[in-house]
Amino acid sequence: MNTTVIRGAPVSSGIARGLAVVLSEGGLATAPRRTIDETEVGTELAKFQAALREATQTLTALQQDVLLKVGRREAAIFDAQILMLRDPAFISEVQTRCATKRLNIEAAVSEVVQRFTEMFGAIDDVYMRERAADVRDVGRRVLDILLKQQTAVVSIPEGSIVVAPELLPSETARMNLGAIRGLVTERGGKTSHTAILTRSLGIPAVIGAAQATTLIRSGDALIVDGTAGTVFVNPRPAVVAEYERLEAHLRSYREELREQIDLPAETPDGTRVHLAANIGKAADADAAALFRADGIGLYRTEFNFLIRDRCPTADEQLVIYETVIARIAPREVVLRLLDLGSDKALPYFPLPAEPNPALGLRGLRLLLAHRALLDAQLEAVLRLAPQHAVALSLPGVTGPEDVRAIRGALEDVRARLREAGCACRDRLRLGAMIETPAAAMLTGPIAREVDFLSVGTNDLIQYVLAADRTSHEMLAHYDPLHPAVLRTLKAIVDAAAAESKPVSICGEMAGNSAYTAILLGLGVRSLSVTPGEILEIKRCVRALRLPEATALAADLLRLDTPDEVRARLAATSVPRPRDPGAS
Ligand code: PEP
Ligand code: MG
């Protein structure tokens, strides 16, 4: 068998080896394969018949609707799909695979649909080739119905490499993430939430791998090189041996990093850097504690909402937050208010369809428009006992009025709690996320309203450069080294210093050691990164000569293009990340 090599963008470093589980469009439409036992065959076949009936009903209703609203010719398009649901060849092939090969019904449908699609696609006749799309479409409809009959959690076999067109956070949240060894997607951006999640879980991932779901079949042996952005399909023994060598090298590199664990994040000239962790769930707080994080600089609370089928109540949130805080106490947890909207959607909280969701109802705007959602979260935070070291940060702030609106909401909730005789905190440190150009320009006035600032470079870069953080096509334009980004960061740091308010960087830029010297040179002294990145960033800080970093940043700020910035960086001797893959 020939090794196919697919190239994409590396988003979460490391090497993963395992068998592919290919998910089709819509994220979870292809169920993982499993062998069933004889007693299950009857149930599986009955599920199939029920799914065929439901799909026929839906398609017939759709056809009627199109007939009334559009016309007869257009409605006739559905005939081919309805016929396929009755096609004896299709039905009997699915039944045979299930009954004789002992395949779960979802995998049987998926395989037969794949075979029929290929068969039609190969026919040298335009009309027949177009039927391939009908087969795919109708197959997906049946699979969707079957998968809805399953439990909410999609079970991925232990040690799999998931291959998908794209994964939305709500979809990843429904998977047993612990079983996933690697991830390959055709679309997505470097700071998309799935990319962030893979980094926080330490799952090697490659995105923008063109045609991955077509070239890879479930069950193929894969090597995912999340450092180089390469995926090997059914690799030759020589490639496997090469990667085994690299894995051994990476293991010893990690061992070496472990020696940093008890050392302070301090430059050789004695400047201490506050090195906190970004987390999304309680288990991440354990990782943060393990790596001796100086607290939690960003607790993304969305995950708690994503994994449920409804919003957690204030009582439930209180328990969740107490659990997280207890795991890192006495160090502080900066809990960020729910940042919904754009690429962070909840299946049970439909948002209006907007042409540009990243510029629409999201973050603070959304919370202020949905007071019940905001108030429940504020209530949970206010009910945290006063001895808990917790602070609240606000996503997507555009000006001081946003902070005042939240203060007002906090006062309302506090008054309501007191009236009901419920104990609540008097004092809560409040911070603003600086992640919009408006907030960057108004850093001073915002700083006067809050106790601290956190720079969300993921959003800030996308908004400053008008380059979608989730888009693969925008990868080349989404550039942390763009002079406009560097100058914006400098302006924020200076404005915060003028108001004597601490500022920290909590976007992905903080966790990439390629930028550590620049950020420290710009005057940043507090970073919040994924737990797994703490030791590497600490290693970089401890090797850094601050006067050189300051001079470097000053030089970069005088340059006008990303190319000039890169050329200047290439000529610098300031410590940069070490390539753990190099021999
Ligand atoms: C950011 O925008 O940099 C940030 C930290 O928030 P998120 O990635 O959750 O949008
Ligand atoms: Mg953000």
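The figures follow:
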item: Net lengthening on full extension, A415/T43 (0.36 nm per residue, minus Cα-Cα); result: 128.3 nm
item: The chain: equivalent-ellipsoid semi-axes (sqrt of 5 x gyration tensor eigenvalues, Cα, Å); result: 45, 30, 23
item: Rounded to whole Hz, the Karplus (6.51, -1.76, 1.60) HN-Hα couplings of the stretch 510-523, x for glycine and proline; result: 5, x, 9, 5, 5, 10, 4, 4, 5, 4, 5, x, 6, x
item: Per-pair calculated FRET efficiency, R0 = 30 Å: T572 and T3 via Cβ, rounded to 0.05; result: 0.20
item: Around L559: net Lys/Arg minus Asp/Glu count, Cβ-Cβ under 14 Å; result: 0
item: Zone of A385's modelled label, taken as backbone nitrogen in the stretch 407-427 under 16 Å from a point 7 Å along Cα→Cβ; result: 423-426
item: Chain lengthening between L263 and R404 when straightened (0.36 nm per residue, less Cα-Cα); result: 46.7 nm
item: Within the chain: Cβ-based charge dipole about Cα centre, in debye rounded to nearest 20 (Lys, Arg +1; Asp, Glu -1); result: 560
item: DSSP-defined antiparallel bridges as percent of all bridges, the stretch 232-355, nearest 5; result: 35
item: DSSP beta bridges in the chain [antiparallel fraction, %, rounded to 5]; result: 35
item: Whole-Å distance, taken between Cα centres, linking the stretch 80-120 and the stretch 187-223; result: 28
item: S454, S471 arranged by Cβ crowding within 10 Å, fewest neighbours leading; result: S471, S454
item: Between the stretch 423-495 and the stretch 226-262, the alpha-carbon center distance in angstrom; result: 34
item: Potential lengthening between R102 and R542 on full extension [0.36 nm per residue; Cα-Cα distance subtracted]; result: 152.7 nm
item: Exposure proxy ranking, count of Cβ atoms within 10 Å, fewest first, for R383, R258, R7; result: R258, R7, R383
item: Cα-projected label distance for T58 with R217, points at 7 Å along beta-carbon direction, nm; result: 2.7
item: Of the DSSP H helices in the chain, those whose Cα atoms cover at least 24 Å axially and whose Kyte score averages 0.5 or more; result: 105-122
item: Distance (nanometres) between label positions extended 7 Å along Cα→Cβ at A210 and E118; result: 2.2
item: Pairwise label distance in nanometres, A369 with T323, each label 7 Å out on the Cα-Cβ vector; result: 3.1
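Readers should treat all values here as calculations from the given coordinates under stated rules, not as data from a laboratory. None of these values were measured; they are calculated from a predicted model. Cβ atoms come from the backbone with ideal geometry, glycine included; neighbour counts cover every protein chain shown.
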